[in-house]
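Shown next, in structure tokens, is the structure this report addresses.
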2 protein chains.
Amino acid sequence: MTNIKDLAKRAGVSVTTVSRVLNHHPYVSEAKRIKVERAIDETGYLQNMNAVHLSKGKTNVIGVILPFLDHPYFAQVLIGISEKAQAKGQTLMLFPTNYDAEKEQEALLMLRQKQLDGVIVCSRVTPLHVLEDYVQYGPIVLLEQRKSDQFSSVFVDHQDVFNQALEYLYQKGHRNIGYTIYRRNGTHSKVREETYRAFLARHDLPFNKDYCFDGALYLEDSIDVLTKLMKLEPSPTALLITSDQVAAGFLIHAKAFGLTIPEECAVIGLNDEPIAKALKLTTIHIPLKAMGEALLDQVLSPHRENRPFDITLIERQTV
Amino acid sequence: MTNIKDLAKRAGVSVTTVSRVLNHHPYVSEAKRIKVERAIDETGYLQNMNAVHLSKGKTNVIGVILPFLDHPYFAQVLIGISEKAQAKGQTLMLFPTNYDAEKEQEALLMLRQKQLDGVIVCSRVTPLHVLEDYVQYGPIVLLEQRKSDQFSSVFVDHQDVFNQALEYLYQKGHRNIGYTIYRRNGTHSKVREETYRAFLARHDLPFNKDYCFDGALYLEDSIDVLTKLMKLEPSPTALLITSDQVAAGFLIHAKAFGLTIPEECAVIGLNDEPIAKALKLTTIHIPLKAMGEALLDQVLSPHRENRPFDITLIERQTV
């Protein structure tokens, strides 16, 4: 794929000059304009993307499987992927799946048919053993906590996330602590439950299955969490809400449920989205954009790597 | 591009069967599995995307120019574009520009070099006369209020948006009404200012240049709006905030500025994003997803069309 820098180099002019020619800016000499136009024509002819594909067996297209385009978590990851893709001359093909297995299969099928050079899986329902069968056709990179020599992966340590958040709430005096998830069968739901149970055991606290609230991803899902929580006896005095969107909704709607935060229920979120700062939500920062960049790097890399990223607890006013 | 439906048709089996084969589901007969595998191999060989491109002179890749991936307005539009692209077997190449003209030029350059079949422009800094020069290379569709025989366009009537919102505030007794925009030189800023001035003239109200607040797009931009507003004398008693994100931030941060809403300042937003419902924000609904679908339809259509979409004022509790 030819970009403006390539054209500048080929024409022997500055990037600014190329940009001016493309934009019909008046202050460009005729000589330079001709050089740039010639470079455009030559590269268009010589480097026709499709011809390049056939000769190299490469498409420079990377598939991105992600469940939702309108959730800030995935939007931040996608920004990282996209900026890095631009820098590396890669096209992104988006597969927003809404967790529909068939949509995920479309991407895997295209990988198999060499219509994609690689696939980034931001979240999935397809089982791991199925993905393993497709690695022979091209690299598959996972945004999940996975030590594997089949896949590269980019992740934060969800055990660490849960331990930091739960111990912080414990230190603040809480003993009835609940948490939210999106999917019971989600990729990290098991490690989260195990970490939660280990935390309880460590502090000799009882397990209460109703303290895990599922189906919580979007802002409005907080109403369901609040509805369930208000019926519990004893009700949790603190919640680890694993999506700042839901935590934000929880703060916004709590008043209507007669719940004062943090006095009656402390809240710690996850991701550190802009809304978290606005609402002074205590949360855990996840470097989503940097992780997106790493996903794109990994899908282009000949080496498989499992890359952990650091997290940071951000103390604000909801605990 | 081969999809699961094509494979099912070619193999003479159901879509479910293809899906099961791809997913290694046990309940598939050996005969059917072989049929599907054969269809996959055949289509992979015969319909190799790149070979198809060269023969048809088409890439089935559509460029999408949009300033930001992490703003709910553009995310909703992109969902519509993306769902329709999947249904029509089109690949999307994303150009998140942050309003950098060079990034927009990369997309136009790729259109010129036949690396894209068409370009959807969700928002831009490149002047219209420059875009007009690129229409010869392929369709360019604009998400903006534009009657043009050069471009297809998809839009809402921004004059109508402003008139409905301003007259509604006037009916509610407001006489000092301000409004926010993102860019002073933005595509719709001029029509908005003209509509605002016409509204003032119609009701014999004075124009106050400080009542237009710019730089307002993200939630946190509301702090700047609040800071400026609190210094004004007389201060507006109502604001039309042309982004629900900023309106949400305004509601959240108002208390810290000692401002009661709607008593001391009424607020009407724009877009009807999920946060608007949560915060009971009065706003104007824009059918962004449907407009995204229309953008993709138009870029594939041989006919140029300028398609207006309807708006709806949603009364909640901030006016």
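Bear in mind these aren't lab numbers, they're just calculated from the coordinates by the rules spelled out. Predicted model, so just to flag it, every value in this text is computed and none were measured. Every residue, glycine among them, receives a Cβ derived from its backbone with ideal geometry; neighbour counts consider all protein chains shown.
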Quick one: Karplus J couplings for segment B:287-294, per residue in order, coefficients 6.51, -1.76, 1.60, θ = phi - 60°, nearest Hz, x for Gly and Pro?
x, 5, 5, 4, 5, x, 4, 5
Neighbouring partner chain Cβ atoms per residue of A:91-97, average, 10 Å criterion
6
What net charge is computed for the residues neighbouring A:K35, neighbours being all others with C-beta under 13 Å from the C-beta of A:K35, Lys and Arg scored +1, Asp and Glu -1?
+2
Is the protein assembly as shown rounded, prolate or oblate when judged by the Cα gyration tensor, a ≥ b ≥ c being the square roots of its eigenvalues, rounded requiring a/c under 1.5 and prolate requiring a/b larger than b/c?
oblate
At A:F257, label 7 Å along Cα→Cβ: distances to the other copies, nm, ascending?
3.0
Take the Cα of A:R202, step 7 Å along the line toward its Cβ, and report every residue of segment A:236-276 whose backbone nitrogen sits under 14 Å from that point.
none
Just tell me which aspartates and glutamates come within less than 14 Å, Cα to Cα, of B:K277; anything on the same chain fewer than 8 places away is out.
A:E220, A:D221, B:D244, B:E315
Give me a single rounded figure for B:19-29: the average over its residues of other chain Cβ atoms within 10 Å of their Cβ.
3
Label-point separation (nm) for B:H129 and B:D210, each offset 7 Å from Cα along Cα-to-Cβ?
3.8
With viscosity set to 0.890 mPa s at 25 °C, what whole-number translational diffusion coefficient in µm²/s follows for chain B from Stokes-Einstein and a Kirkwood radius over Cα pairs?
111
Cβ-vector label at 7 Å, A:S235, separations to other copies in nm:
3.5
Show the residues, 5+ positions off or on another chain, whose built amide H is closer than 5 Å to the amide H of B:L270.
B:S243, B:D244, B:I284
Show me, for segment A:234-246, the HN-Hα J-couplings you get by feeding each phi into the Karplus relation (A = 6.51, B = -1.76, C = 1.60, θ = phi - 60°), rounded to Hz, glycine and proline as x.
x, 8, x, 9, 8, 10, 9, 9, 7, 7, 4, 4, 5
Hey, with R₀ at 25 Å, roughly what FRET efficiency would B:Q159 and B:K228 work out to, going by the Cβ-Cβ distance, to 0.05?
0.45
Neighbours of B:V130 by Cβ distance under 10 Å: Lys/Arg at +1, Asp/Glu at -1, summed charge -2
The answer for B:S153, listing residues at least 5 apart or on another chain whose modeled amide H is closer than 5 Å to its amide H, is B:L142, B:E305, B:N306, B:R307
Around B:G80, what is the net charge, scoring Lys/Arg as +1 and Asp/Glu as -1 over all other residues with Cβ under 12 Å from its Cβ?
-2
In percent, how large is the relative contact order of chain B, given Cα pairs closer than 8 Å and 6 or more residues apart?
18
Tell me, what ³J(HN,Hα) does each residue in segment A:143-148 have, in order and in whole Hz, if you take phi through Karplus 6.51 cos²θ - 1.76 cosθ + 1.60 with θ = phi - 60° and put x for Gly and Pro?
8, 6, 6, 8, 9, 8
For segment B:163-282: rounded, prolate or oblate by the Cα gyration tensor [a/c cutoff 1.5]
rounded
Filtering trypsin sites (Lys or Arg not before Pro) in segment A:61-137 by DSSP loop and by at most 14 other Cβ atoms within 10 Å leaves A:K88
Just from its helices, what would the mean residue ellipticity at 222 nm be for the protein assembly as shown, if runs of 4 or more DSSP H residues each count -39500 (n - 2.57) and the sum is divided by every residue, rounded to the nearest 500 deg cm²/dmol?
-13500 deg cm²/dmol
Give me the distance between the Cα centres of segment A:57-87 and segment B:77-112, rounded to whole Å.
12
Whose amide H sits under 5 Å from the amide H of A:F213, counting only residues 5 or more places off or on another chain, with H placed in the peptide plane?
A:Y179, A:T180, A:I181
Output the peptides B:184-193, A:145-154 sorted from most to least packed, where packing is the average of other Cβ atoms within 10 Å over each peptide's residues.
A:145-154, B:184-193
Cα centroid of segment A:184-229 to Cα centroid of segment A:250-297, whole Å:
16
What percent antiparallel are the DSSP beta bridges of the protein assembly as shown, to the nearest 5?
10
Report the one residue of B:I275, B:F257, B:L219 whose Cα lies farthest in the direction of the positive end of the charge dipole of segment B:158-285 (charges on C-beta: Lys and Arg +1, Asp and Glu -1; origin at the Cα centre).
B:F257
Among the DSSP beta bridges whose two residues both lie in chain A, what percent are antiparallel, rounded to the nearest 5?
10
